[in-house]
Structures are given as C-alpha cells and as structure tokens.
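**Student:** Before I ask anything, here is the structure I am working with.
The values are calculated or read from the model by the stated rules, or taken from the named source; none is laboratory data. Predicted model, so just to flag it, every value in this text is computed and none were measured. Note: ideal-geometry Cβ built from the backbone for every residue, glycine included; neighbour counts use all protein chains shown. Remember, those area values only see protein heavy atoms, side chains included, never the ligands or the DNA or RNA. Shrake-Rupley method; radii C 1.70, N 1.55, O 1.52, S 1.80 Å.
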Amino acid sequence: MGLASKILEGDVSAAAKLISGIENNTPEALEEMNDIYACTGKAYIIGVTGSPGAGKSTLVDNLISYFRSKNIRVGVVAVDPTSAFTGGALLGDRVRMQKHSTDRDVFIRSMATRGWIGGLARATIGAIHVMDALGKDIILVETVGSGQIEIDITKAADSTLIVLTPGTGDEIQMMKAGILEAADIFVINKADKEGADVLKMNLETMLGMKTRLPNEWQPGIILTEAVHNKGTKELAEEIFRHKEFLTASGELEKRQKERTKLELMETIESFLKDSIHEIDKGDYLEKLVDDLAKGRTNPYLATLEITRRLAKDLSQLRSGNRTGGKPA
Ligand SMILES: Nc1nc2c(ncn2[C@@H]2O[C@H](COP(=O)(O)OP(=O)(O)OP(=O)(O)O)[C@@H](O)[C@H]2O)c(=O)[nH]1
Ligand SMILES: [Mg+2]
C-alpha cells in the first residue's frame, strides 16, 4: 500500500514520510500528493507569526490543549526560516509541545530549514495537505515574522495571528515589513509585562488610521499571558469569530483560492528550476557557462537558448517520452 492510502487511514508515520518526501522534492512525493489531494481542503488553517521569542510556541501549545478539549483534531507545522534561531526554536518547540506527543489526534512537525529558503512555502503547504488528509480539523502554522516568506505563508492561512510583545517595538518593524497588514487577529502576549496597554493603544491607533469598508473584518486585539495559559479561550473564540466571518462573507473561498494559486506558482517554479538543472545532466549548462566566461555568448542569449531547450524537453514530456517527470 502506498503512503497516500495509509495516510487516509490515519497512519502517522506514513504522513511523516511523505512530508520528508515533499521537503526533499522527490518524484514519489509528487505522485503521493496527487493521490491525497482530493481528500484535502477540509482543515482550517491558522497562521501564527511574530518575532523570535514572542511566545508563539507557548500560545500554540495552549491552543492545542483548548482545541483538544473540544475534541478538535490538531496539526502543527513549526517553520523557522532564520538559521540563527533554528536549533533553539526546534528544540524549544519539541519541549514545549511534548505533552501532546502521546495524543494521536495531535500531529506536530517542525520544518528544518537551515539554509533552505527556496521551496519553504511549497513544503509548508504540502505538509498542511498531508495533515489535512490525515484528518486534522485545525492546522496551526508557526513562523517567525521576519520577511517575505512569512508574508507568503500568511497568504496560505485562513486566519493569521500576529503575536506582539510589550516594550520591544516589534510593531514598528513589522509595520515597515508589511507584515502587520496580514493580521486578522493581533495577540499581545506577555501581557504580564509593562507596556501591554500602551502597545494596545498604539495598535488601535494604527488600525484606526486604516479606512475599512463597512463589511470588512476589523482585526481584534487579544491580550494573553501564554506562560500562565491566560487569554487562550478569548483567543480561540476570536479565531472562531473570524472563521464565521470568512465563511459568511465568502472570503474563505477566496483565501483558499489564493492558497491554491500560491501552491501552483511555487510548484511550477520549483519544477522549472529542477528541469533547468536536469538539462543534459548538467553538462550542457557547464558548457554554456564556459561559453559565457569566454565571451562566446551572453546571459540573455543563453537564457533564450535554455528556455527553447526547456520547451522542447517539456513538450517531449507531454507527449509521454518521460513518464512521471521531475517533481515540483
Ligand atoms: N513573561 C512571559 N513570558 C512568556 C510568556 N509567554 C511565553 N513566555 C516565555 O517566552 C519565551 C519564548 O517562548 P516561546 O513560546 O518559545 O516563543 P516563540 O515565539 O515560539 O519563540 P521562537 O520559536 O524561538 O521564535 C519562553 O521562555 C516562554 O516561557 C508570557 O505570557 N509572559
Ligand atoms: Mg517557537
């Protein structure tokens, strides 16, 4: 039996294997994804982003417990694209979420991304699909909010939570990076620290400056003390309120469409990148680079030549010369 059918029967180790296959971009993984795809699209996806150490994992841990108390099955993808924090964060996540490790209705996966930025959004969406097919109702995606990748990943979520902490000036950095725009719900964590009220006021002012249509979602601001499990219920209720809003307004469908588009673009992009490296098993490219160095061609002419060659390869693929093909 293939991984896909095992996953559809709830096999956790098959799910873990397929996620590794997606990370490594194997042709088998692409085929398995094709097999599970029809059984995805049911889970609700919650993105949790914020600065390193803001308390995202602690919050996620609290939310897992809350959802489990409602008998909701939970998946978690913890993504860390910043290599400097990887070791600590992954270890931290494992320790923090360990209490759920014996619960078979909780599936947690950390994405080891040191030096591996390309394809991150693709692999994350892939992992989401696998967890969805595994029968998870809610999937939480934790990312460090530092740049473009997070903006892409927030596009993949149905509800995006931005976690801020008092006295750090995070909100200014995130506003500059355009991350605040992506928030559906603001979480002010570490509300036990001084400055939570000031941060709340600042956020309200920032939000007040934005003109919204009457039927547009107004991001809520929830205060939490994740280490003391305070504010979890309020946060979960705000997430459900947002979910209802999205469903009633038809926005949920739009977000799902946006996610599919991102997935398609990422998949095609990595397919093409791989195909370029596949051309003539690398030899062709090396010769071209030699020609470039010797001034016999230039990057523009070479690009035209490569794309023509690629088009030829791909048309052969379409006519069945290469079955299966290279994965995305
Ligand atoms: N004082 C205080 N500390 C907190 C609170 N929530 C979390 N912390 C602490 O903040 C530290 C970081 O928490 P994490 O949950 O690992 O934060 P994170 O955002 O997941 O961190 P990275 O994944 O490394 O970016 C831990 O020592 C937590 O105990 C809170 O409400 N108040
Ligand atoms: Mg974390």
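**Student:** What is the residue count in the range 120-158 for residues that are closer than 15 Å to K56 by Cβ, modelled with pLDDT of 95 or more and touching a Ser or Thr at 6+ places or on another chain (Cβ under 6 Å)?
**Tutor:** Summing the residues that are closer than 15 Å to K56 by Cβ, modelled with pLDDT of 95 or more and touching a Ser or Thr at 6+ places or on another chain (Cβ under 6 Å) in the range 120-158 gives 0.
**Student:** Identify all residues within the range 228-275 that are touching a helix residue (DSSP H, G or I) at 6+ places or on another chain (Cβ under 6 Å), under 23 Å from R68 (Cβ atoms) and open to solvent by 30 Å² or more (accessible area, probe 1.4 Å); write none if there are none.
**Tutor:** N229
**Student:** Looking at the range 4-20, I want the residues that are acidic (D, E) and have a partner that is in a helix (DSSP H, G or I) with Cβ atoms under 9 Å, at least 6 apart or on another chain. Which pairs are those?
**Tutor:** These pairs meet every condition: D11/L3; D11/S5.
**Student:** Within the range 1-29, can you find the residues that are closer than 17 Å to D137 by Cβ and assigned to a helix (DSSP H, G or I)?
**Tutor:** Within the range 1-29, I7, L8, V12, A15 meet the criteria.
**Student:** Before we move on, is Q173 more than 16 Å from ligand 2 (Cβ to nearest atom), open to solvent by 20 Å² or more (accessible area, probe 1.4 Å), over 22 Å from N62 (Cβ atoms) and touching a Lys or Arg at 6+ places or on another chain (Cβ under 7 Å)?
**Tutor:** It is false that Q173 is more than 16 Å from ligand 2 (Cβ to nearest atom), open to solvent by 20 Å² or more (accessible area, probe 1.4 Å), over 22 Å from N62 (Cβ atoms) and touching a Lys or Arg at 6+ places or on another chain (Cβ under 7 Å).
**Student:** Right, another one. Of all residues being touching a His at 6+ places or on another chain (Cβ under 9 Å) and open to solvent by 10 Å² or more (accessible area, probe 1.4 Å) in the range 63-74, which is farthest from ligand 1 (Cβ to nearest atom)? Just the residue, please.
**Tutor:** R68
**Student:** For the range 270-295, how many residues meet the condition of being in contact (Cβ under 8 Å) with a residue 40 or more places away in the chain and of a type outside the set (S, T, Y)?
**Tutor:** 4
**Student:** Mind listing whichever residues of the range 30-62 are open to solvent by 10 Å² or more (accessible area, probe 1.4 Å), more than 16 Å from ligand 2 (Cβ to nearest atom) and in a helix (DSSP H, G or I)?
**Tutor:** L30, E31, E32, M33, N34, D35, Y37, A38, C39
**Student:** List every residue pair whose Cβ atoms sit under 6 Å apart, with the two residues 6 or more apart in sequence or on different chains, where the first one lies in the range 204-233 and is in a helix (DSSP H, G or I) and the second, anywhere, is open to solvent by 70 Å² or more (accessible area, probe 1.4 Å) and polar (S, T, N, Q).
**Tutor:** So the pair list comes out empty.
**Student:** Among the candidates T26, T58, single out the residue that is more than 16 Å from the chain's Cα centre (by Cα), within 16 Å of ligand 1 (Cβ to nearest atom) and of a type in the set (S, T, Y).
**Tutor:** T58
**Student:** I would also like to ask the following. Evaluate the following for V187: is it within 16 Å of ligand 2 (Cβ to nearest atom) and either open to solvent by less than 10 Å² (accessible area, probe 1.4 Å) or free of Cβ contacts under 8 Å to residues at least 12 places away in the same chain (or both)?
**Tutor:** yes
**Student:** Which of the residues spanning the range 276-307 are open to solvent by 80 Å² or more (accessible area, probe 1.4 Å) and not in a helix (DSSP H, G or I)?
**Tutor:** K294, R296
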